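Presented below is the structure to which this report refers.
FYI, it's all coordinate maths here, none of it is from the lab. Note that the structure is predicted; figures quoted are calculated from it, not measured. Virtual Cβ from ideal backbone geometry, glycine too; neighbours counted across all protein chains shown.
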Amino acid sequence: MRIGERNAMSALGRLPLLLLLATAAQAMATTPMSEPPGPVAAALAQAGVPESSVGIYVHDLANNLPVVTVGIDRSLNPASVIKLVTTFAALEILGPAYTWKTEAYLRGTLTGDRLNGDLVLKGYGDPKLTLENFWLFVRDLRNRGVREITGDLVLDRSFFAIDDHDPAQFDNEPTRPYNVGADALLLNFKSFRLRFVPDEEKRAVAVYSEPVLPQVMVVNNLYLAPGFCDVWPDKPARDGNTLTFFGTFPSSCGEKSRSFSMLTPNEYMAAVFGQFWLQAGGSWSGRVREAEVPTNARLLSSWESAALAESIRDINKFSNNVMARNVFLTLGAQDGKPATLEKSDRAVSDWLARRGLSFPEMRIENGAGLSRTTRISARQLGELLIAAWNSPLMPEYVASLPLAAVDGTMRRRLNNSPVAGQAHVKTGYLDGVRAISGYVMDSRGRMLVVVFLINHPGARNAQAAVDALLEWVQEGSQADCCGRK
């Protein structure tokens, strides 16, 4: 055998070994990190959060490859991040143009502009029947020829079949609007806003309520004083339906506002409808009661809500719990009325199955995340976001998420970071829980799915770890560490 032939045979003999080494190198290059990136690990240690209490999933959408997989199959509480499941399911089950109705019926006879009978309002779960929209609805009723109502205002909430809601049950904060329960005839999130307006000349602070609720009394013992705007004001004292504010209001705060919820749904509707009807030139002296629309009632008018695609922006950007609850229950109504939480849970499970997604660890209590029993894994959230990215409804979905340093719950975060304007992420926080989930565009123009769930008492101090992960992904470090191109 000639020397050249021996060399060729030798090279051929080494070829399988070279191929094996190349394959091994490629596998190593694309193996996801099984530990938190360095800056994240350091921030977790600083907060006293062990790796065993977190789930981190980062996925490169361009290459369809996982980048970081830490505790991704742990069943963890996602807090408000579970709204990502609720809103994506709603987009695909109901459609982005889905709207809710609120109907008005007359029960009795209309003689001239006098209704000898009851006005009946029936709700179908509109999550955003605001004061402005309700005022227009009331004006429309008045313009249709009704002025005097001799009977009652009857409220039909039967579209949702749910247990009575205790706003104090979750965290003993019954006046906080985030604790408002679902309602098929939800009006203005059943809340009122107090505006605090400082008056430098009088060294005083005026307090205005919108809407004005006769059943609620606000006692203002605030006085204006210099200082930093860190507390404005202290938590008010509550005695029944009376709120008492006391202490100092820092002048550096300027005008501020805070919302409360204190009345029952019927009390709230009675107060607001009564005012709006009177302002529209009408009269009504009856009472408010609940009942289904009588068979002999006739439809007078119907109000149509904004489209679902618009509503989910409020839900995700501002983490509106009661809106999410209403949307979640609406999903259950597609399997026959009335809607129940059990039907809604089944509707989401069936939808996931149709999509080929298996989420055995997932538990959804109310679709909003204000829950101690809701569970999902980082892997499942990641798979959901990947599916959403590949959905025709991706633009509507991604646009509903808070944009870092720009709006929603991310407006004041990462303002001086390269992440600003580069990440659409939903946030979540409860006592012992901190979470984010969404999409980050890195410095090389690639989009990545990012999920970070923390369940530990130290979660309160772990925001730096969450921000560190977002910054690590945005700067493109995942490409350098994990062989992505």
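From the alpha carbon centroid of the stretch 205-273 to that of the stretch 291-333 is 28 Å.
Available extension along the chain between Thr244 and Ala168 is 25.4 nm, counting 0.36 nm per residue and deducting the alpha carbon span. Here is the list for the stretch 269-331: trypsin sites (Lys or Arg not before Pro) lying in DSSP coil, each with at most 15 other C-beta atoms within 10 angstrom of its C-beta, are Arg287. Using the structure shown, list the pairs from Lys101/Lys122; Lys190/Lys343; Lys235/Lys256; Lys317/Lys426; Lys83/Lys317 with a Cα-Cα distance above 18 Å, or answer none. Beyond 18 Å: Lys190/Lys343. Taking amide hydrogens as placed 1.01 Å from N in the peptide plane, the amide H of Ala339 sits under 5 Å from those of Phe160, Ala161, each at least 5 positions away in sequence or on another chain.
Extension gain, Asp335 to Ser251: 0.36 nm times the residue separation minus the Cα-Cα distance gives 24.8 nm. Report the FRET efficiency, 1/(1 + (r/R0)^6), for Arg372 and Val231, where r is their Cβ-Cβ distance and R0 is 22 Å, rounded to 0.05. The pair Arg372/Val231 has a calculated efficiency of 0.20.
For the stretch 425-452, there are no residues whose amide N sits under 14 Å from a probe point set 7 Å from the Cα of Ala399 along the beta carbon direction.
Once the C-beta distance of Arg258 and Gln46 is scaled by a Förster radius of 35 Å, the resulting FRET efficiency is 0.65 to the nearest 0.05. Only beta bridges with both residues in the chain are counted; by DSSP, about 75 percent of them are antiparallel. Neighbour counts of C-beta atoms inside 10 Å place Ser53, Ser344, Ser75 in the sequence Ser75, Ser53, Ser344, starting with the fewest. Each residue, Tyr223 and Ser349, gets one label point 7 Å from its Cα in the Cβ direction; the gap between the two is 6.1 nm. Full extension of the chain between Thr175 and Asn143 gives 8.0 nm of extra length, using 0.36 nm per residue less the Cα-Cα distance.
Count the net charge of all other residues whose Cβ sits under 13 Å from the Cβ of Phe196, scoring Lys and Arg as +1 and Asp and Glu as -1. Residues near Phe196 contribute 0 overall. How high is the FRET efficiency from Asn64 to Arg460, r the C-beta distance, R0 30 Å, rounded to 0.05? With a Förster radius of 30 Å, E is 0.25.
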